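Q: Shown below is the structure under consideration.
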Amino acid sequence: MSARAQQLLTLGQSVWLDFIRRGPLVSGEFDRQVAEDGVVGVTSNPTIFQQAIAKSTDYDTALAAAIAKGLEGEALFEALAIEDIQMACDRMRAVYDGSKGMDGRVSIEVSPRLAHDSAGTLAAAKRLHAAVARENVMITIPATAAGLPAITGAIAAGISVNVTLIFSLARYAEVMEAYLLGLEQRAAAGGELSNIRSVASFFISRVDSKVDAAIDARAATLPAGSTERAELESLRGKAAVANARLAYAAFESVFGAARFQTLAAKGAHVQRPLWASTSTKNPAYRDVLYVEELIGPDTVNTIPPATLAAFNDHGVVETRIRNAMDEARALFGKLDALGVPVESLIGQLEGEGVVAFEKSYDDLLGAIEARRRDGAAKG
């Protein structure tokens, strides 16, 4: 019997692996995950690379070779990362061809230090796209205010883009607009649309972590046993899924409208919602909550290895993304009325996400520099 994650393809959802490391790529473990576990794509980010390069011995040989070439800092990191991305792209090429370009994708992110630099982000996207030199690479660009024009520019240039760090519905609307503008600009210039793919990465678990903390703080100010406190506490663990469901409704509305249909007639593809950060942070919640509740057509779920193993072991395979849509719409109003300003809380997450990725990136560069100096000292 096929793995549960493989069965999701019949419901229109692709499972990508939210993890990349040299060891599994070389050992054959990554190939096994593709063949047996239902993996049809890969995402990476600064935190993933920081854990892979700084906290394993997988890169010792590659580090020594890069250092011998005189590489250091960001150039040294990029050399290592690009090798991993190229290797994964090559491993996924059959999936890419078999899905006609929809899956078999591997993403690499522009430097988090460029999150507020539109021109720098677009230049980095073009440079990374050329450096990886694989049809199935995706360049990851953050959904910051500065990232939006870079997304449009990259799409217009024919680069497939993974838009990351989306939290709020307001920002998501701007992301879809940036994608459509890029397609329109490319079409106006006579460019091909059918070879461009994009995903919009909506972060899930951090929403519950943020909103649940606010619920707990607010509940602590209310009388124990009160109806208001009980109602508030009953809403814990619901904001993230509700937020994603509302995003999916927005996706269906935008890509079902005449504006996109005009582009689709020229070969354009929808920008699929991608559910990211889908491991549950609260042990009280079902470990596959953010996989099961967000299954639906034209979506991707990028899943870390432990959550993927859990879903393949005991996950329920059924379409749920459109379930309880009325409750999702009502939830934010209820939380606001109970003293939890959910939309403003979610709005804070983008900045926090950028800072977290910048820290991982800085930690990574620091660890690589320490290894470089150690190698130079020994040499």
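Q: If a residue has to be among the hydroxyl-bearing types (Ser, Thr, Tyr), crowded, with 17+ Cβ neighbours inside 10 Å and under 25 Å from Val132 (Cα atoms) to count, how many in the stretch 148-197 make the cut?
A: Matching residues across the stretch 148-197 total 4.
Q: Could I ask something else about it? Look through the stretch 338-361, keep the residues that are more than 16 Å from Ser234 (Cα to Cα) and among the hydrophobic types (A, V, I, L, M, F, W, C), and return whichever of them is surrounded by the fewest Cβ atoms within 10 Å (Cβ to Cβ).
A: Val355
Q: What do you reckon, is Gln86 within 20 Å of the chain's Cα centre (by Cα), surrounded by fewer than 21 Cβ atoms within 10 Å (Cβ to Cβ), assigned to a helix (DSSP H, G or I) and in contact (Cβ under 8 Å) with a residue 24 or more places away in the chain?
A: The answer is yes for Gln86.
Q: Suppose the filter is closer than 25 Å to Ala356 by Cβ and surrounded by fewer than 13 Cβ atoms within 10 Å (Cβ to Cβ); does Ser27 pass it?
A: Spelling it out, it is not the case that Ser27 is closer than 25 Å to Ala356 by Cβ and surrounded by fewer than 13 Cβ atoms within 10 Å (Cβ to Cβ).
Q: Right, next: Scan the stretch 54-67 for residues that are modelled with pLDDT of 85 or more and either part of a helix (DSSP H, G or I) or under 22 Å from the mean Cα position of the chain (by Cα) (or both) and jot them down.
A: Correct list: Asp60, Thr61, Ala62, Leu63, Ala64, Ala65, Ala66, Ile67.
Here's the yes/no breakdown for (1) more than 17 Å from the chain's Cα centre (by Cα); (2) of a type outside the set (Asp, Glu); (3) under 18 Å from Leu11 (Cβ atoms):
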site: Leu246; (1), (2), (3): yes, yes, no
site: Ser253; (1), (2), (3): yes, yes, no
site: Gln261; (1), (2), (3): yes, yes, no
site: His269; (1), (2), (3): yes, yes, no
site: Trp275; (1), (2), (3): no, yes, yes
site: Arg286; (1), (2), (3): yes, yes, no
site: Gly296; (1), (2), (3): no, yes, yes
site: Val317; (1), (2), (3): yes, yes, yes
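Q: Give the residue that is farthest from Leu183 (Cα to Cα), with candidates limited to residues of the stretch 122-160 that are out of contact with any strand residue (DSSP E or B) (no Cβ under 6 Å at 6 or more places or on another chain) and among the polar types (S, T, N, Q).
A: Thr144
Q: Let me ask another. Taking Leu335 as meeting all but one of (1) farther than 30 Å from Phe19 by Cβ; (2) surrounded by fewer than 19 Cβ atoms within 10 Å (Cβ to Cβ), write down the number of the exception.
A: (2)
Q: Here's a follow-up. Is there a residue in the stretch 287-310 that is closer than 27 Å to Leu193 by Cα, out of contact with any strand residue (DSSP E or B) (no Cβ under 6 Å at 6 or more places or on another chain), of a type in the set (Gly, Ala, Ser) and in contact (Cβ under 8 Å) with a residue 40 or more places away in the chain?
A: Taking every residue of the stretch 287-310 in turn, at least one turns out to be closer than 27 Å to Leu193 by Cα, out of contact with any strand residue (DSSP E or B) (no Cβ under 6 Å at 6 or more places or on another chain), of a type in the set (Gly, Ala, Ser) and in contact (Cβ under 8 Å) with a residue 40 or more places away in the chain.
Q: Kindly evaluate Glu83 against the criterion of being modelled with pLDDT under 95 and acidic (Asp, Glu).
A: The answer is no for Glu83.
The values are calculated or read from the model by the stated rules, or taken from the named source; none is laboratory data. Remember, it's a predicted structure, so these values are computed and weren't measured experimentally. Glycine also receives a Cβ, built like all others from the backbone with ideal geometry; neighbour counts cover every protein chain displayed.
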